[in-house]
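K.L.:
Questions regarding the structure given below will be posed in turn.
The values are calculated or read from the model by the stated rules, or taken from the named source; none is laboratory data. Bear in mind the structure is a predicted one, so any value in this text is a computation, not a measurement. Neighbour counts run over all protein chains shown; Cβ positions are idealised from the backbone, glycine included.
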Amino acid sequence: MSKIALTGNASGTGVFTIAAPNTNTDRTLTLPDEAGTVDTLQRAGNVLQVVYGSDTTYSGTSSTSYVTTGVTADITPSSTSSKVLILISLNGLIKLQGAGYYATTAIYKDGSVLTYADAIAGYTGNTDYGSGHVSMSYLDSPSSTSTLTYDLRIRTTSAGNSVVWNNYDGSNISRSTITLMEIAG
């Protein structure tokens, strides 16, 4: 039969207390059969939570000002030292007409721009349609434990020209996504 030994630290002066929860149910905590230390998950670099959002709505704009795309998610960091890694994919992007223009995409947090991708979305140098997707990532340091809203916005660079996203062929749906990961700081 294995035994459990608790060994105090000779140079420490604090008292380490193991407290049982208030429960009427018997519980078993099985320790791994290996040496090491317990990870509290608050160690810098650990992923504390993951939030995912997606949108399949076929949408478009001819605005030269940023408009929302429906690609959005909320996260509430557990500590002010946490960082938020934002991963975004805008799919089924098509430029409808016009030569030499493109769309600009931007990641917003609570209504303010964090970063943008310029001159890449749906660009073609002629009047042909340009299609594809935009992937963006950004590591934010919000210093907050309030709920934060992150979203992707888009605009066209030339008035009168249009871009659409989440384009589909009638049976296959295009899905755009956002993933938020809280990283311990």
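K.L.:
Name the residue, out of D26, D55, that is surrounded by 14 or more Cβ atoms within 10 Å (Cβ to Cβ) and among the acidic types (D, E).
P.N.:
D55 is the lone residue from the list that is surrounded by 14 or more Cβ atoms within 10 Å (Cβ to Cβ) and among the acidic types (D, E).
K.L.:
Within segment 35-56, can one find any residue that is in a loop (DSSP other than H, G, I, E, B), of a type outside the set (D, E, K, R), closer than 30 Å to N166 by Cα and touching a residue at least 24 places away in the same chain (Cβ under 8 Å)?
P.N.:
Checked segment 35-56: at least one residue is in a loop (DSSP other than H, G, I, E, B), of a type outside the set (D, E, K, R), closer than 30 Å to N166 by Cα and touching a residue at least 24 places away in the same chain (Cβ under 8 Å).
K.L.:
Could you list, in sequence order, the residues of segment 23-57 that are among the hydroxyl-bearing types (S, T, Y) and over 30 Å from S176 (Cβ atoms)?
P.N.:
Residues satisfying the conditions are T23, T25, T28, T30, T37, T40.
Each row is one residue, and each column tells you yes or no for (1) under 27 Å from G185 (Cβ atoms); (2) among the β-branched types (V, I, T); (3) at pLDDT below 95.
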residue	(1), (2), (3)
G12	yes, no, yes
A44	yes, no, yes
T68	no, yes, no
L85	yes, no, no
G98	no, no, yes
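K.L.:
For segment 58-69, which positions are touching a Lys or Arg at 6+ places or on another chain (Cβ under 7 Å) and surrounded by fewer than 17 Cβ atoms within 10 Å (Cβ to Cβ)?
P.N.:
Matches in segment 58-69: S63, T64, S65, V67, T68.
K.L.:
Additional query: Kindly indicate whether any position in segment 47-56 is modelled with pLDDT of 95 or more, of a type in the set (F, W, Y) and out of contact with any Cys (no Cβ under 7 Å at 6 or more places or on another chain).
P.N.:
Yes - at least one qualifying residue is present in segment 47-56.
K.L.:
On to the next question. Going through S81, S143, S137, S131 one at a time, which residue ends up being within 30 Å of T40 (Cβ to Cβ) and either modelled with pLDDT under 90 or touching a Gly at 6+ places or on another chain (Cβ under 8 Å) (or both)?
P.N.:
Step by step, each of S81, S143, S137, S131 is checked, and only S81 is within 30 Å of T40 (Cβ to Cβ) and either modelled with pLDDT under 90 or touching a Gly at 6+ places or on another chain (Cβ under 8 Å) (or both).
K.L.:
Being within 30 Å of V164 (Cβ to Cβ), part of a loop (DSSP other than H, G, I, E, B) and out of contact with any Ser or Thr (no Cβ under 6 Å at 6 or more places or on another chain) narrows it down to one residue among S2, S63, S11; which is it?
P.N.:
S63
K.L.:
Quick check on T72: is it surrounded by 14 or more Cβ atoms within 10 Å (Cβ to Cβ), of a type outside the set (G, A, S) and in contact (Cβ under 8 Å) with a residue 60 or more places away in the chain?
P.N.:
So T72 passes the test.
K.L.:
Quick one: is T115 in a strand (DSSP E or B), β-branched (V, I, T), modelled with pLDDT under 95 and in contact with a Phe, Trp or Tyr (Cβ under 6 Å, 6 or more places away or on another chain)?
P.N.:
yes
K.L.:
Residue under question is T13, and the condition is that it be within 33 Å of the chain's Cα centre (by Cα) and free of Cβ contacts under 8 Å to residues at least 12 places away in the same chain; does it hold?
P.N.:
Against the criterion (within 33 Å of the chain's Cα centre (by Cα) and free of Cβ contacts under 8 Å to residues at least 12 places away in the same chain), T13 does not qualify.
K.L.:
Return the residue satisfying two criteria in turn: it lies in segment 149-182 and is farther than 16 Å from L90 by Cα and under 11 Å from the mean Cα position of the chain (by Cα), and of such residues it is surrounded by the fewest Cβ atoms within 10 Å (Cβ to Cβ).
P.N.:
The selected residue is T149.
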